[in-house]
Structures are given as structure tokens and as C-alpha cells.
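The values are calculated or read from the model by the stated rules, or taken from the named source; none is laboratory data. Note that the structure is a prediction, hence the values are computed from the model and not measured. No Cβ is skipped: glycine too gets one built from the backbone with ideal geometry, and neighbour counts run over all protein chains shown. Accessible surface areas use protein heavy atoms only, side chains included; no ligands, DNA or RNA. Shrake-Rupley method; radii C 1.70, N 1.55, O 1.52, S 1.80 Å.
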Amino acid sequence: MSTSFPSANVSASDIAATLSNSQSIGARIDRLPAVATLWKLTALIAVGGFFELFDLFQTAYISPGLLDAAIFARGSDGLFGFSDQAAFSAATFLGLFIGAVLISPLADRCGRRSVFAYALLWYTVLSVLMALQSTSAGVIGCRLLVGIGLGVELVTIDTYLSELVPKRMRGSAFAFAFFIQFLAVPAVALLSWLLVPHSPLNIAGWRWVIWIGAACALLMWRLRRTLPESPRWLVNHGQGEEAARVVENIERRCEQEYGRPLPPIERANDTPQCSGQSRQLSMWQPPYRKRMLMLITFNIFQAIGFFGFGNWLPALLGGQGSGPTHSLLYAFFITLAYPLGSLAMMKTANRLENKWQIVTSSLGTVVFGVLFALANAPWALIISGFAITLCNAWMTYAFHAYQAELFPTAIRARAVGFCYSFSRLSTVFSSVLIGFILDSLGTPAVLVFIVTSMLIVVLTIAVFGPRTKGVALEDINQ
């Protein structure tokens, strides 16, 4: 398989022809109706993200079991002189950072589908090994390696999904994808509530939670082997005939389900997607430089709001007076908002501008974060926590769709991976900082930290974010 765009000795006419083919493929995809075929492809792409979120949210839910088993220690007794739970979370996100910044460019070079396959297999093998460890060093070390494999998975999902679905259903497709992915959060919360306090077959419950996730990932890996390669990626790598075959197959299936001829193809924009040779396209040339800086800032602070609440939810509930068992049960009810929020937004996602969805949902996190800090009664904790989670779910699908829209096919995975990696790096340090703040100043101080971070998110996107609603990918990236 070719892994590069036209080389330096290719004629200008060949480059122009390739760009024209790319625009033609994009126009053919954009005229497709939102039928079952596209929703099935969206679901298959989204499945890998289920296991990334399953793995990410394990941090909060299996840590009590690791503490009870005396594998993890609290405070200065931890492996690195601070809480092992904080080190566990930091190792996760350090691995995700390494994977996102170093491995995600492979999706631009080698294709979206192959990267999916290897990333999910990596997760499966390393998760099994992690569940066999009996020391904090072994668990944290394996966690770092698991994170490296997962770091590329969600970046590739965002890249592939944005390239495969029509412009008129991008928002709904991302909302549906995150509905599937966010099912992982109540799933890991429920499994942890059922298993972590117990030892089925004399095996610690936290080990069962990890093994169940790995076994399901292996099953999903087999199902995803039927996915086609991204047509936009194929045509950008000189494989126009293969791209046309993929699109023709999708068109044929969509037309059968549509029950009538497909809508006419809209005239492609005559302006090339990018001038010169796409393989030399830089993330740091206009207009992408401004977008890169905006998304880096955004990702640093949104990660504090999202993972600061999600990964520390049982601990934050405990800080508000809930016992360990009640904290896990309350957390399960709160995490139902992740999939339900994405599902509820599917019908309206395409009607709203992504940048304003991000701004509004982030403001919601600010408001309900303050209410959570003031709550004491169980019902108030659950309602305000549910509302925070709902806003986080809304923000998540909107910004994943948004950042994938802002770069051309030739550098999409590389640019998204680089920007998104800062959310991982941010969480490495904020995990340790939140652990320190929680131990020293309590839950209200953690929530002040989260709320301040989300206010920075609001200002960054509101002031610097471009509009993308209903615009073809090729037109956004002129």
C-alpha cells in the first residue's frame, strides 16, 4: 500500500487531478442520505472508543479495590511519594499522550482501518497482563503501556468518522458514536459496584473488571474487520480507483435502503483543498496555526473539567460524606448521563453550530459544578452530578466533531492527535494536582479548580473558534 502523497517529481497536473478526485469523492459522500448503512458504519467505528472510555474510567472505579488489596497506598506511602491512585491516573494519561502524539500520525501514513486493528489488539493484550500484576509498580507500568495503545484509538475514530459521513449528519453521527462509547462509563461503574468489593472464584473483583473489558474488546476487534478504508484517505494516497470502489459500494447499499435514486451530486468547490503538495502540508501554516493554538489551549483546560470530575467522582462523592459502597452506587446513576446525554442530542446536533455547543455545555459544567460543591443530600449530589456529566457528554461529542473538521485529510490524524495529546498531558499533571488539592483542601477546592478551567474553555472557543455547521470538509479547509 502506498503511504505517501505525490512525491516531489510528480507534475502539477497530477497533483491537481488528485485534489479534484478528492473533492469528487467528498461531494459523493456528502449527498448520501442518513440511512441504516451509515449508522452501522458509525457504530462499528465507535466501538473502539467504548474500550478507551471503559479503560479511562477504570481509574476511578477499580482504585478502591487496589487500595483494599494493599496493592495501592495512600498519600506519601505511594510508589512515587504520593497517592498510587494519582500515579495510576497519571500513568494512564502519560501513555495516552505518547500514543496520541507519536503513533496517531501512522493513521495518516498507513490508513485508518489498520491502525484501528492494532490499537485494539494492543489494548487487549496489555490489559490482560495488567490484571495479573500484584504490585503497584507492575500495575502502574502496565497501565502506561495500555495507555500508549489506546492513545491513537480515539484520534483515529474522530478522523475516520469525519471523513466517512455526509456533512449534514456529522453532528448526529458524532453524538451517536459517543452514545455508544459512553455506554462504557455506566458499564464500568456497574461492574465495579458488583465486583470490586468481592472476590468471585477467589479472584479479586478489580481483576475481573479489567478481564471482562479485554474479552469484549477482542470480540469487537473481529466485528470491525468488515470496515472499509476511508475513501478520502485512499484518494489522498493516490488510490483513486479503490476509493471509487468503496464509495460505489456504500452508494449502492444506501440507495437500496433509501428506496429511490440518490440526490444529485453537489458541484465541488473549484478551489483546491490545499495548494502545492499535500504531503508537505504543515499544521503550522495559515489557517491551521491559529486553529492548532486554539485547540491546544482548549484541550489543556477541558481535560481538567472532564477527567477531573469523571476520574475522581467516587472520591469527590466520598468527600461530600458518602461511604465507599454508596459512592460507587451514586456514581453509577450519575454516569448514566454520559450515554443518555449524547443520545438526547442526536436530533438537534446537526442544527447547532459546534463551537456554540461547546461554549454552552461548558457553561453548564460551571453552573452545576458550583451546585455540586454546595450539595450534601444524596439526591442533590446525584442531580447536580448528573447535570455536570450531561454537560460533559454534550461538550465531548461536539468538540471531537469540531477538531476533526478543522484540518484537511492529508494531516487530519496528525493534527488532531497533536492537539488532543495536550488533553492527555494536562491530565497527567492535573491528576496529581487534584489528588493534592483533595487531600489538602477538600472537595470544594477541587470543584473551584474545575470550574475555572471550564471558564477558560468557554472564552477560548467563543473568541477564536471558526464556524463549521453544514460545510463540506474540503470547504472548511480552504
Q | Residues (of a type in the set (Ser, Thr, Tyr) and over 19 Å from the mean Cα position of the chain (by Cα)) located in the stretch 352-389 | A | 360, 384
Q | Sole residue being of a type in the set (A, V, I, L, M, F, W, C) and under 30 Å from residue 289 (Cβ atoms), chosen from 393, 410, 445 | A | 410
Q. Does at least one position in the stretch 326-340 carry a residue that is modelled with pLDDT of 80 or more, open to solvent by less than 50 Å² (accessible area, probe 1.4 Å), in a helix (DSSP H, G or I) and not aromatic (Phe, Trp, Tyr)?
A. yes
Q) Taking the stated definitions as given, is residue 90 open to solvent by less than 10 Å² (accessible area, probe 1.4 Å) and of a type in the set (A, V, I, L, M)? A) no
Q: Please verify whether the stretch 372-380 includes one or more residues that are part of a helix (DSSP H, G or I) and closer than 19 Å to residue 304 by Cβ.
A: yes
Q) Can you name the residue in the stretch 449-463 that is closer than 25 Å to residue 162 by Cβ and within 22 Å of the chain's Cα centre (by Cα) and, of all such residues, is modelled with the lowest pLDDT? A) 454
Q | Qualifying positions in the stretch 34-56 - outside any loop (DSSP other than H, G, I, E, B), of a type in the set (A, V, I, L, M, F, W, C) and in contact with an Asp or Glu (Cβ under 6 Å, 6 or more places away or on another chain) | A | 36
Q: Sort through 418, 449, 386, 464 and tell me the only one that's aromatic (Phe, Trp, Tyr), under 21 Å from residue 89 (Cβ atoms), open to solvent by 10 Å² or more (accessible area, probe 1.4 Å) and touching a residue at least 24 places away in the same chain (Cβ under 8 Å).
A: 449
Q. Got a sec? Which of 101, 152, 139 is buried (at least 24 other Cβ atoms within 10 Å of the Cβ) and either without any contact (Cβ under 8 Å) to a residue 60 or more places away in the chain or over 13 Å from the mean Cα position of the chain (by Cα) (or both)?
A. 139
Q. Within the stretch 219-234, restricting attention to residues that are at pLDDT below 90 and either farther than 20 Å from residue 40 by Cβ or not β-branched (Val, Ile, Thr) (or both), which residue is least open to solvent (accessible area, probe 1.4 Å)?
A. 227
Q: Looking at (1) polar (S, T, N, Q); (2) crowded, with 24+ Cβ neighbours inside 10 Å; (3) within 21 Å of the chain's Cα centre (by Cα), find the lone condition where residue 192 falls short.
A: (3)
Q.
Quick check on my filter: what residues within the stretch 155-178 are β-branched (Val, Ile, Thr) and either surrounded by fewer than 24 Cβ atoms within 10 Å (Cβ to Cβ) or over 20 Å from residue 54 (Cα atoms) (or both)?
A. 159, 165
